[in-house]
1. Is it the case, given these coordinates, that Leu113 is more than 22 Å from Gly272 (Cα to Cα) and at pLDDT 95 or above?
2. Which of the residues belonging to segment 324-344 are away from the ligand (no atom under 15 Å from the Cβ) and crowded, with 17+ Cβ neighbours inside 10 Å?
3. Scan segment 286-300 residue by residue and report those that are surrounded by 23 or more Cβ atoms within 10 Å (Cβ to Cβ), under 14 Å from Met395 (Cβ atoms) and within 11 Å of the ligand (Cβ to nearest atom).
4. Quick check: is even one residue across segment 212-225 modelled with pLDDT of 95 or more, within 16 Å of the ligand (Cβ to nearest atom), farther than 26 Å from Glu34 by Cβ and not aromatic (Phe, Trp, Tyr)?
5. Checking the conditions here, which among Arg320, Arg273 is more than 13 Å from the ligand (Cβ to nearest atom) and either of a type in the set (Phe, Trp, Tyr) or under 22 Å from Gln390 (Cβ atoms) (or both)?
6. When the residues of segment 66-93 are filtered to those that are in contact with a helix residue (DSSP H, G or I) (Cβ under 6 Å, 6 or more places away or on another chain) and at pLDDT below 95, which remaining residue is surrounded by the fewest Cβ atoms within 10 Å (Cβ to Cβ)?
7. Considering only residues that are at pLDDT 90 or above and more than 16 Å from the ligand (Cβ to nearest atom), look in segment 150-178 and name the one that is farthest from Gln104 (Cα to Cα).
8. Which is in contact with a Gly (Cβ under 8 Å, 6 or more places away or on another chain) and either crowded, with 16+ Cβ neighbours inside 10 Å or assigned to a helix (DSSP H, G or I) (or both), of Leu55, Leu42, Leu10, Leu63?
Amino acid sequence: MGAARLEAALHHAYMAGFKAFVALLPFRWPLVFEGPGSVGALCRHIAQVGHRRVLVVTDPELLRKGVVAPVVTDLEQQGIEVVQYNGIVTEPSVTQVEAGLAVQQEMDGQAILALGGGSVLDAAKLIAARARNHRSVAELTGLLRVRRGMLPLYAAPTTAGSGSEVTVGAVVRDDTRQVGKRAAMDLRLLPRAAALDAHLMTGLPPYWTAITGLDALSHAVEAYLSRNATRQTDHDAREAVRLVSGNLEAAWRQGKDLEARQALARGAHLAGRACTVAGIGYAHAIAHQVGPWCGRPHGEVVAATLPLVLEAYRSAGEGRLAQLADPVGVGDSGAPAAALIRRLHEFNRLFGIPDAFEGLGQADLPALARAACAEVRWTYAVPRYLDLAQVREIMSRLQPVERPAGLANREGTANGPRCP
Ligand SMILES: [Fe+2]
């Protein structure tokens with residue numbers, strides 16, 4: 001057996017052991033309130049639990065759009081004293097977490113309501129964990145380091161993408177030590193309850209609707225292809241694929257389509273639950289390198305990468321991939337796996353996802369590919385381990401080719417908006 005095949009066999013054996021370990025973990029999934037207006041039910045629940053002082057963690061854009069005020073009013077009508085911390089922006093930092101913690105300590109809050117996208121939810125998890133653990137974000141980084149639990153956390157996502165309301169991870173930039181990202185993974189980071197409320201999502205611009213939705217789709221697809229998938233994650237992932245692929249275009253075209261928004265919210269939630277247990281794969285590992293390197297939003301890069309990774313899996317993931325063709329609505333094809341990949345490319349073209357990223361140079365590929373492979377190793381139960389050359393080849397397909405001068409940027413490409 002060659003060295004590469006031996007290493008792959010060891011990875012698979014290790015990940016099989018990891019699957020058995022995860023099966024023993026006592027997941028306590030959040031209580032979910034669902035439907036347009038369900039954030040009101042979440043506020044009543046927070047009051048019924050007995051919290052009287054609540055910190056609302058959110059971002060300045062949601063404040064400006066008027067999303068925050070009605071939720072604060074809902075809480076206050078329940079007799080809850082509310083203090084807001086509106087300082088979380090895209091790619092949240094340790095400094096923002098510390099500032100939120102200072103507000104929390106000042107008010108002596110009894111619980112936190114995170115109102116926002118994945119960035120807000122991740123930062124709020126760390127504020128809540130910091131409040132109970134007296135450990136720095138650096139000390140909370142890693143696996144199972146949130147030993148003393150956290151302040152009760154409630155979540156009202158305003159995007160249908162990350163599924164952070166149902167994941168055990170929180171990622172922030174460490175702007176204090178220049179070490180890049182810090183990721184904490186702990187069952188205790190799960191919120192106690194969440195509201196999947198389409199009303200909170202109607203103001204999300206079309207491009208952000210698309211890239212957050214495609215991120216959710218990628219969570220579901222990568223979880224489904226994982227060797228650590230279970231019967232439950234299969235069910236969640238298939239349903240997530242059906243809901244997201246069937247409703248994303250409608251929500252993208254008409255942001256106030258509550259039915260489509262609600263379906264996306266549920267899809268993103270189920271996808272988040274599936275990948276919490278089964279894990280993700282190369283599309284994410286590659287996007288985690290290329291996105292920050294090129295300064296592009298996560299959902300955009302992962303959407304561009306996913307079909308390329310699925311093509312590289314070929315026979316290894318083909319059977320499982322074919323099973324997802326039906327939920328995507330292309331199951332009638334004689335070659336369902338190929339039809340599914342084609343559908344993903346069509347989505348990308350429809351929504352204006354770039355197929356290449358400025359700043360990704362030939363000389364950058366070796367280090368970025370090594371980092372992507374290192375992320376997968378001992379972490380993701382991918383259907384097939386790709387070698388360094390294969391990952392470099394995928395990344396090279398994301399490099400820009402010379403375009404005629406004056407070609408206009410599409411919305412969301414190089415000079416477009418950033419991820420919420
Ligand atoms: Fe993602």
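The values are calculated or read from the model by the stated rules, or taken from the named source; none is laboratory data. Predicted model only: the values in this text are computed from it and were never measured. With ideal geometry, Cβ positions are generated from the backbone for all residues, glycine too; neighbour counts draw on all protein chains shown.
1. No; evaluated as a whole, the condition is false for this residue.
2. Leu324, Ala325, Pro327, Val328, Val330, Pro336, Ala337, Ala338, Ala339, Leu340, Ile341, Arg343
3. Matches in segment 286-300: Ala287 only.
4. yes
5. Arg320
6. So, considering only residues that are in contact with a helix residue (DSSP H, G or I) (Cβ under 6 Å, 6 or more places away or on another chain) and at pLDDT below 95, the one surrounded by the fewest Cβ atoms within 10 Å (Cβ to Cβ) is Thr90.
7. Thr158
8. Only one candidate passes the filter, namely Leu55.
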